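Below: one structure, written as structure tokens.
The values are calculated or read from the model by the stated rules, or taken from the named source; none is laboratory data. Fair warning: this is a prediction, and the values are worked out from it, not measured in the lab. All Cβ positions, even for glycine, are placed from backbone atoms using ideal geometry, and neighbour counts span all protein chains on display.
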Amino acid sequence: MIERESAVDLLKKVVQSSSADQTEAILLTEDSSLTRFAGSAVHQHVAEKNLTVILRAVLEKKIAVVTTNILRPSSLRKSLQKAISLAKVQHPNDEFVSLPEPEFLPETKTFSENISRLTPNNKMGMIKKLLRRVKEKGCRGSGAFSNGEVEMAVVNSLGVEAYQRFSDLFLHLIVEDEKSSGYASFVARDPDQLDVDSLAQEAIQKTSKEEPIQVEPGEYEVILEPYAVSELLSFLGYLGFHALAVQEGRSFFSNRFGEKIVDEKVTIYDDGLDPEGLQIPFDFEGIAKKRVTFFDRGVAKEVTYDSFTAGREGKKSTGHGLIPPNTEGPIPINLFMERGESSLEEMVKSVRRGVYITRFHYTNVVEPMKAVITGMTRDGTFLIDEGEIKEPIKNLRFTESVLKALSRVTGVSKNRRICSEGTVYSRRFVTGTVVPAVKIDGFNFSGVSAL
Amino acid sequence: MKDLVENILDIAKLKKVTYADIRIVRRQSEEIEVKNGKVEVLTHDDDFGFGIRILCQGAWGFACSSKVTKGEMGAVFAKALKIAKASSRIKGKEIIFPSASPIVDRYKTPISVDPFDVAPEIKLGLLLKADEILRRNKKVKISEAFMGSYKTEKTFASTEGSYIEQEIIECGAGISATAIEESEIQVRSYPNSFRGNFATRGYEWIEKLALQDRAEKIAEEAVQLLSAKPCPSKITTLILDSSQLALQIHESIGHPIELDRILGTEASYAGTSFLKPEMVGHFKYGSELINIVADATCPGGLGTFGFDDEGIKAQRVPIVSQGTLINLLTSRETAHHLKKESNGTMRADGWSRIPLIRMTNINLEPGAWTLKQMIADTEEGLFLTTNRSWSIDDKRINFQFGTEVGWEIQNGKLGEMVKNPTYTGITPKFWNSCDAIGNRDHWQLWGTPNCGKGEPGQVAHVGHGTAPARFRNVQVGVMKEQ
């Protein structure tokens, strides 16, 4: 870790030496580790240290971006010159207004000193304990346990100066016996919040000694655990909850603001400052995160902006800029769904015949404007009969509009949990979605697994 | 650089580790993206670092850093060793890691024009022109043109005495037209969706794609799709064009034959495979027409290289022969499950990741048909082209794909266009229903630059050579009207 002063100084030197009209410099550092286990044995354990600088040079309305992780002063100078020379040959983007001006940033604690306790040996002790619980039940465990420290600093030539240090850990676990599998996952900024026994117990209770039965594809009442709900929300965030999708006319919100699109029990928002989630106080342009409500009791309300999409409409950024160059739009990364009033047990009891779903697998968009997605159920799919969870069922393929599903919500749990896929393909930046379980009266399954 | 490497390998030998290797990788990327006449992305990325992998006390350790200095290498080695020793507390079966003969060699992608030597103005001009042609059609609301160039220089050295230097050059480009009308959105792309087609070739590849020549037609098709009829829901005969078939191979053959996945090490992420090592030699994967090779040597393939990231030479390996599974993708550690040696498929996504078993170029060998003959021989069915969505279960057996466009086939002729086509199936049943494959003239290499696997996530560049093929009794149109 290079700490606030050094990080900001490094970026300021680059920005101050720039001959571009406007310059932005972002520093991302990472010191992380990830341990994978399968069949109750560790098969991979890796550690990574990286520092990356992203430079955005603006010449009038011509913009270019250069990224480098070679941080010698001479290399940084070369990278800055490269950004400026690319901007010179760039074509102007008339819709670009300006990089953002500085604004007040709230103090937010996103780092726990406890993260340093996760040494290779200590992590092995925790995984050993987890796998012991799994083995006691005659099952095998596989999963990944990762911890990291990340720094993010943003400086621009208009005076933006932002720095934040983050810690994070995530652990996901799949427990298998001969006939079935169960899932549980955990994410937090403080390792002291991790209870491996209860995580193991949660996954174990989804396994079953019974042979899964096959139910025919069709429309069923479903109970979705928060893991599954979180997946649906992520697609809405990507497809339609942001200004770029609306401006390009490809969002399901386009021309529908003020309209009731989903059930009134559904309120979905983004809040980078809510401590129930993984707080991120500002975006990758150094702008404070604002709370943005997408669905307010079912009604389409507002979307997220970064400085570019806000400039197009003469608005202010909501603090949702992502790492440049970003062509996907200011996708929200701190999603929440408002809690309801039911307990999960009450929701199950109210189902006559339906399907209980722990999580989805390999979801993908089929029709973007209608938010139709497909995917499989996985690691804990059960038949619900006369208000009781019965035998496990073979995994089902669903093909369903998320909007249609949310318009049929008949129950929302009062308990919520934070769900996270951890970090996926790009630089480490762990985010979380805070969601309840929901009951949906009519969810379309289009196929069934052969196994 | 050689001194730094030798120093670390000397330390490894002194510490008496079973095995160690070091990879130093520098990767340069340049990406350009034009949208609606504006250059939205013009970026250059320079990524440099090293990773050290150690086998010690029967367990693996890996650590890496972007600071390429002698001191940092020593610290990273110590961390990797500590990790390996800690990991040995939760070992599985004993790791069998057969030794390999040392190789000292160099490999460089054969190219005519280095894409990094071509001025950005020329590239911008090419993309802007194609984009402008797309937008001549007023119902095209989003026009996009993309180009990417990648240069990876890597040095691999091991305690066994190997020292291999490689320079891999890749590039690709594509265009897409998005037509929007009310709540209808339709996309057509060329030469493939998701940014085009990529190859281990120089800038000559980009020029050969001739984006501008195809822009008008794909814009027209995107607009036609707005008023096309929906894909019917039925069980019918399906002809897939070679680009969609490439992704079909990728998901339902390429990933299931990865031996590490079969042995369970991807269980907690994208899942395992319906295959088992004992199925090799007799499992009937497809009809007798199906011949699949894993070919890391085919010129231009996006999965073509000189040596894998364990120092094993690139190979051409038959995987499915006349429909029967005869081999899998293997590594030095896993090959003994088949009583074989590694077939050289271990690749890492840069310096910061460990090598995993990855597809090379997983190719379907050509058949005897022309596309025209195939359609003429089909009484009723659908011809689908260009992938739009994909999904497969955690055993790689239940799949569902959507394509950008389809055409009905009636009495041996292409008929009306259909929108939002989808099809679904069960992997071995689907491949066993194949009764016609296009000939060598129709066979084409497709580069997949976004193959995801592993945790932390890794993206691999892989290839698939295919010709169009026909499949019988396939469920199409899986969507109820939403």
Next item on the list: Starting from segment A:81-99, keep only residues that are closer than 23 Å to A:THR309 by Cβ, then list their pairs with residues that are in a loop (DSSP other than H, G, I, E, B) and of a type in the set (Gly, Ala, Ser) whose Cβ atoms are within a distance under 9 Å, requiring at least 6 positions of separation or different chains.
Entry: A:ALA83/A:SER18; A:ALA83/A:ALA20; A:ALA87/A:ALA20; A:HIS91/B:GLY37; A:VAL97/A:GLY314; A:LEU99/A:SER157
Check: Would a scan of segment A:95-112 turn up a residue that is within 30 Å of A:GLN205 (Cα to Cα) and either of a type in the set (A, V, I, L, M, F, W, C) or within 14 Å of chain B (Cβ to nearest Cβ) (or both)?
Finding: no
Item checked: Meets criteria (surrounded by fewer than 17 Cβ atoms within 10 Å (Cβ to Cβ), within 23 Å of B:VAL76 (Cβ to Cβ), modelled with pLDDT of 95 or more and more than 8 Å from every other protein chain (Cβ to nearest Cβ)) for A:SER17 -> no
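Conditions tested, residue by residue: (1) more than 23 Å from B:VAL478 (Cα to Cα); (2) more than 14 Å from chain B (Cβ to nearest Cβ); (3) of a type outside the set (A, V, I, L, M).
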residue: A:SER350; (1), (2), (3): yes, yes, yes
residue: A:ARG359; (1), (2), (3): no, no, yes
residue: A:VAL365; (1), (2), (3): no, no, no
residue: A:LYS370; (1), (2), (3): no, no, yes
residue: A:ASP379; (1), (2), (3): yes, no, yes
residue: A:ILE389; (1), (2), (3): yes, yes, no
residue: A:ALA405; (1), (2), (3): no, no, no
Note to self: So, in segment A:325-354, how many residues would count as being in a strand (DSSP E or B) and buried (at least 22 other Cβ atoms within 10 Å of the Cβ)?
What the structure shows: 5
Margin query: So, restricting to strands (runs of 3 or more DSSP E) that lie completely within segment B:183-242, which ones have at least 1 residues that are among the hydroxyl-bearing types (Ser, Thr, Tyr) and surrounded by 19 or more Cβ atoms within 10 Å (Cβ to Cβ)?
Written below: B:184-190, B:234-240
Note to self: Just to check your reading of the model, which residue among B:GLY51, B:GLY92, B:GLY37, B:GLY58 is of a type outside the set (S, T, N, Q) and under 30 Å from B:ASP131 (Cβ atoms)?
What the structure shows: B:GLY37
Next item on the list: Could you check, for segment B:318-331, whether at least one of its residues is in contact with an Asp or Glu (Cβ under 9 Å, 6 or more places away or on another chain), closer than 20 Å to B:SER243 by Cα and not in a strand (DSSP E or B)?
Entry: no
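A quick yes/no check of all residues on (1) modelled with pLDDT under 95; (2) within 14 Å of another protein chain (Cβ to nearest Cβ); (3) surrounded by fewer than 24 Cβ atoms within 10 Å (Cβ to Cβ); (4) under 20 Å from the mean Cα position of the chain (by Cα):
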site: B:GLU251; (1), (2), (3), (4): no, yes, yes, yes
site: B:ILE257; (1), (2), (3), (4): no, no, no, yes
site: B:ALA270; (1), (2), (3), (4): yes, yes, yes, yes
site: B:GLY306; (1), (2), (3), (4): no, no, yes, yes
site: B:GLY311; (1), (2), (3), (4): no, no, no, no
Item checked: Residues being within 30 Å of B:THR272 (Cβ to Cβ) and more than 8 Å from chain B (Cβ to nearest Cβ) - total across segment A:34-68 -> 0
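Here's the yes/no breakdown for (1) under 30 Å from B:VAL76 (Cβ atoms); (2) in contact with a strand residue (DSSP E or B) (Cβ under 6 Å, 6 or more places away or on another chain); (3) not charged (D, E, K, R):
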residue: B:SER352; (1), (2), (3): yes, yes, yes
residue: B:LYS372; (1), (2), (3): no, no, no
residue: B:THR378; (1), (2), (3): no, yes, yes
residue: B:PHE383; (1), (2), (3): no, yes, yes
residue: B:GLU404; (1), (2), (3): no, yes, no
residue: B:PRO421; (1), (2), (3): no, yes, yes
Note to self: B:ILE362 - would you say it is outside any loop (DSSP other than H, G, I, E, B) and within 24 Å of the chain's Cα centre (by Cα)?
What the structure shows: yes
Margin query: Six or more apart or on different chains, Cβ atoms under 8 Å: show the pairs whose first residue is in segment B:308-320 and at positive phi and whose second is modelled with pLDDT of 95 or more.
Written below: B:GLY311/B:ASP21; B:GLY311/B:ILE103; B:GLY311/B:PHE156; B:GLY311/B:SER158; B:GLY311/B:GLU160; B:GLY311/B:SER162; B:GLY311/B:ILE164
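For (1) surrounded by 24 or more Cβ atoms within 10 Å (Cβ to Cβ); (2) at positive phi; (3) at pLDDT 95 or above, each residue gets a yes or a no:
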{"position": "A:GLU264", "(1), (2), (3)": "no, no, yes"}
{"position": "A:TYR269", "(1), (2), (3)": "no, no, yes"}
{"position": "A:GLY277", "(1), (2), (3)": "no, no, yes"}
{"position": "A:PHE282", "(1), (2), (3)": "no, no, yes"}
{"position": "A:GLY286", "(1), (2), (3)": "yes, yes, yes"}
{"position": "A:LYS290", "(1), (2), (3)": "no, no, yes"}
{"position": "A:THR293", "(1), (2), (3)": "no, no, yes"}
{"position": "A:LYS301", "(1), (2), (3)": "no, no, yes"}
{"position": "A:ASP306", "(1), (2), (3)": "yes, no, yes"}
Checklist line | Top-ranked residue of segment B:275-294 - restricted to ones that are in contact with a helix residue (DSSP H, G or I) (Cβ under 7 Å, 6 or more places away or on another chain) and buried (at least 20 other Cβ atoms within 10 Å of the Cβ), ranked as farthest from the other protein chains (Cβ to nearest Cβ) | finding: B:ILE292
Item checked: Total residues in segment B:397-421, condition more than 15 Å from B:LEU226 (Cα to Cα), more than 10 Å from chain A (Cβ to nearest Cβ) and not small (Gly, Ala, Ser) -> 6
Margin query: What pairs come out if I take residues in segment A:350-363 that are more than 13 Å from A:ILE389 (Cβ to Cβ) and pair them with residues that are part of a loop (DSSP other than H, G, I, E, B) whose C-beta lies under 6 Å away, six or more apart or interchain?
Written below: A:HIS361/B:ASP394
Margin query: For segment B:461-478, give me each residue that is assigned to a strand (DSSP E or B) and away from every other protein chain (no Cβ under 14 Å).
Written below: B:VAL462, B:GLY463, B:HIS464, B:GLY465, B:THR466, B:ALA469, B:ARG470, B:PHE471, B:ARG472, B:ASN473
Note to self: For A:ILE323, only one of the following conditions fails: (1) over 28 Å from B:PRO421 (Cα atoms); (2) among the hydrophobic types (A, V, I, L, M, F, W, C); (3) within 12 Å of chain B (Cβ to nearest Cβ); (4) more than 21 Å from the chain's Cα centre (by Cα). What is its number?
What the structure shows: (4)
Note to self: If the requirement is being at pLDDT below 95 and within 17 Å of the chain's Cα centre (by Cα), which of these qualifies: B:PHE198, B:PHE194?
What the structure shows: B:PHE194
Notebook entry, point to check: Restricting the search to segment B:60-111, which residues are in contact with a Lys or Arg (Cβ under 8 Å, 6 or more places away or on another chain), over 23 Å from B:PHE156 (Cα atoms) and either acidic (Asp, Glu) or away from chain A (no Cβ under 12 Å) (or both)?
Noted result: none
Notebook entry, point to check: What strands (runs of 3 or more DSSP E) completely inside segment A:361-451 contain at least 1 residues that are of a type in the set (Gly, Ala, Ser) and either over 24 Å from the mean Cα position of the chain (by Cα) or buried (at least 21 other Cβ atoms within 10 Å of the Cβ) (or both)?
Noted result: A:372-385, A:409-419, A:433-448
Item checked: Qualifying positions in segment B:17-49 - over 30 Å from B:LEU124 (Cβ atoms), more than 24 Å from the chain's Cα centre (by Cα) and in a strand (DSSP E or B) -> B:TYR19, B:ALA20, B:ASP21, B:ILE22
Note to self: Against the definition (part of a helix (DSSP H, G or I), in the same structural domain as A:LEU28 (by TED's automatic domain parsing) and under 20 Å from B:ARG27 (Cα atoms)), how does A:LEU71 come out, yes or no?
What the structure shows: no
